[in-house]
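Here is the structure we will look at.
The numbers here are math on the coordinates, done by the rules we state, and not lab data. Quantities reported herein were computed from a predicted structural model and do not represent experimental measurements. Cβ coordinates were reconstructed from backbone atoms using ideal geometry, including for glycine residues, and neighbour counts include every protein chain displayed.
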Amino acid sequence: MAEVRQTVIELLGQLGSSREARQYLKQFASLDESRFAVVKVGGAVLRDGLDEMAAALAFLHRLGLTPILLHGAGPQLDEAMESAGVPIEKRDGLRVTSERVMAVARPVIYRANGAIVDALEARGVRARGILHGVFNARLADRERLGLVGEIESVELEPLRSAVAAGALPVVACLGESSAGQVMNINADVAARELVWAVKPYKIIFLTGTGGLLDQNGRIISAISISGDYEDLIAQDWVHSGMQLKLAQIKDMLDRLPAETSVSITSASKLTRELFTHTGAGTLIRRGERIEWLTELDERQVQALSALLEQSFERRLRPDWFERRRLEGLLWAESGRAAALIARGVDDIPYLDKFVVTPEAQGEGLGAALWQVLRGRFKRLYWRSRASNPIAGWYLQQAHASFRRGAWIVHAIGVEDFGRLERLVADAHQRDSGWEDDQA
Ligand code: ARG
């Protein structure tokens, strides 16, 4: 077992750094086994990507991780209903489930469940199909919706016992009443209730597109509910389906611990999403508070110094902070990102340090911090080394940039050329505070 683990860790190392992979593996394995992840498998994956999904999950299983799978069978069911000549009817986004519909649906759901279990077992992963006994439900509205169930409680025992036996639980979206009446449960509703009951560290949606797309069809890497949500749902390119999805995810996360995150990705990108900082897909978190501090006590200075030293892998001179004329500090609640603002020329704030741990970058905390920074300061200037990996990004953000030798000075919101010259001159002569720089 140790040997397998080693091989796998090396393999993971090829994805990014093995240090990153190891760190995530440790995090994912640190909770109770059944709380690593709930994976919701979309209909498109069931149809076109079963083996790919099984391969990705087999990989997790070999690492000793046991996700809980939840699947619907929407598209398959639509197809079956069409060929059976049963009309499809939806109300409030829910599938009206007459007895006739249920007669068609039940075997389709059983088959989908069986297909997932088979695909996993074909990859050498023990899996257990769980068709009943998880969602205790009552009829939502017999008149309007037929046999659509509203979940009353979630029974975790069947899942826990599967996980304890080393088998991946594969849960179908069926519920039943205490009298044994089987009910159709909407997959999004089931996912929400299951996630609230399990409280997993990760919630994973496996989809065909592999993430949420922006207006140019590119995957949005990270979304923070506290920072981006309001803005995002107000965009005209965010169609109603995506709005609904985001609202559901927000709802989910609102009731879970802050460290919980949602990843929307595809089967083929799942490993990269889970075991690298930058990921592959869309990561959604509740996001964290970013505070504005105008005075720092000893402890805060130390926390800031430690963050800077660790992130840049350099040492600061002991007096680095004293020598600054502080305007203020933007500080992320988790202590993983900060922007230090010093007083600059002509009362224009100078962005002295901008720091985000690599892990927090993957979560989009850097972008969130930048947004807060831009909201607070209409004018700003700073410098960066031309060789800095984020130099290109700074060039995009700045209104004006001036390169001299190894350094680029950037400015936002300043137009007067004489003033820009003064800012550039000032930025060049500033003390970096790093031990290995000339003071
Ligand atoms: N590996 C980390 C996780 O799964 C970070 C993923 C970052 N993903 C992203 N799409 N930005 O929690």
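Here region 378-409 and region 81-159 have alpha carbon centers that stand 55 Å from each other.
So, by mean Cβ neighbours within 10 angstrom, what's the order for 231-241, 309-319 with the highest one leading?
Numbers: 231-241: 11.2, 309-319: 13.4.
Descending packing order for the listed peptides: 309-319, 231-241.
Over 20 Å between Cα atoms: which of K90/K202; K199/K269; K90/K250; K40/K90; K90/K245 fall into that group? Distance filter (> 20 Å) returns K90/K202; K199/K269; K90/K250; K40/K90.
Could you list R47, R144 in order of exposure, starting from the residue whose Cβ has the fewest other Cβ atoms within 10 Å? Please report the intermediate quantities before stating the final value.
On the way: R47 15, R144 11.
Going from sparsest to densest Cβ surroundings: R144, R47.
Subtracting the Cα-Cα distance of L293 and S305 from 0.36 nm times their residue separation leaves 2.8 nm of extension gain.
If R0 is taken as 35 Å, the Cβ-Cβ distance between E333 and E79 corresponds to a FRET efficiency of 0.15. Between amide H atoms placed 1.01 Å from N, distances below 5 Å from E327 occur with I341, A342, R343, all of them 5 or more places distant or on a separate chain. When Rg and the Kirkwood Rh are both derived from Cα coordinates, the Rg/Rh ratio for region 1-109 amounts to 1.16. The GNM of the chain, with springs linking C-alpha atoms under 10 angstrom apart, assigns the highest mean-square fluctuation among Q248, Q76, Q396 to Q396.
Would you mind calculating the gained length between L395 and Q235 on full extension (0.36 nm times residue separation, minus the Cα-Cα distance), in nm to one decimal? Show your work: numbers first, answer last.
Numbers: separation 160, 0.36 × 160 = 57.60 nm, distance 2.54 nm.
Extending this stretch completely gives an extra 55.1 nm.
Cross-link partners for K378 among the lysines, with Cα-Cα distance under 21 Å and sequence neighbours closer than 8 places in the same chain left out: K353. The rule of thumb for compact globular proteins, 2.2 N^0.38 Å, goes into the C-alpha radius of gyration of region 22-66 1.29 times.
Considering only alpha-carbon pairs that sit under 8 angstrom and 6 or more positions apart, the relative contact order computed for the chain is 12 percent.
Note on the chain: GNM, Cα springs under 10 Å; of A119, A29, A80, the largest mean-square fluctuation is that of A80. Treating the Cα atoms of the chain as identical point scatterers in vacuum, please give the log10 of the normalised Debye intensity I(q)/I(0) at q = 0.12 Å⁻¹, two decimals. Log10 I(q)/I(0), no solvent term: -1.02.
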